[in-house]
Amino acid sequence: MIGFPQGGRKMYNIVIFGKKGCAKCKILKKRIAKVLEDEKYSAYLCTEKDITLDNDLVDLCNAECINPQQIPAFYVETEGKPIVRTSHFSQIELSCLYGVYTNYSTTGTILEEDIRNILDQVLALKLGNEKMKKDP
């Protein structure tokens, strides 16, 4: 088991989808654990989901935006719900999770800089919402 932050209530939860014995999943978990050592990310905790287990596979399916062929993957949630960004176009709305899945056409691993990028984007959302509350 990787040393993820535990205990206490955190604002955000990183949900990692992987499977037992997966070398790339282990790399992702280590990289996320390393990133979470930074005080900047103290608002995050981490949950692991093993897609070979029925309950965790259902969670993967409920996420809807994660391609099961591109595991390992993760997304960020708050209060048990995925954080979603929505783009509006002329006649459609496109929703995406704040997360990353593995691109096997390149390195086949999720880089530490990509993890930080997603976590920073989520933190910026919170700062933006707090600023909007203060500004009339």
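Values quoted throughout were computed directly from the atomic coordinates according to the rules given, and no laboratory measurement underlies them. From a predicted model like this one, the values you see are computed outputs, not experimental measurements. Glycine also receives a Cβ, built like all others from the backbone with ideal geometry; neighbour counts cover every protein chain displayed.
Brief remarks follow.
- Between D38 and N62, the contour length at 0.36 nm per residue exceeds the Cα-Cα span by 5.6 nm.
- Ranked list, fewest to most other Cβ atoms within 10 Å of each Cβ, for L125, L97, L60, L53: L53, L125, L60, L97
- Stretchable slack from K26 to Y104, in nm (0.36 nm times residue separation minus alpha-carbon distance): 26.5 nm
- Each listed q (0.15, 0.21 Å⁻¹) maps to a log10 I(q)/I(0) for the stretch 12-134 from the Debye sum over equal C-alpha point scatterers, namely -0.71, -1.28.
- Expected-Rg normalisation [2.2 N^0.38 Å, Cα atoms] applied to the stretch 9-56: 1.22
- DSSP-defined beta bridges in the stretch 12-134 - what % are antiparallel, rounded to 5: 70
- Spatial extent of the stretch 45-106: Rg and Dmax, with the Cα atoms as the point set, Å: 13.0, 41
- The GluC sites (Glu not before Pro) of the stretch 12-71 that DSSP puts in a loop, and whose beta carbon has at most 13 other beta carbons within 10 Å, are E37, E64.
- Gained length - E79 relative to E112, 0.36 nm times residue gap less alpha-carbon distance: 9.4 nm
- Over 25 Å (Cα to Cα) - which of K19/K40; K10/K30; K34/K126; K19/K126; K20/K126; K24/K49 fall in this group: K19/K40; K19/K126; K20/K126
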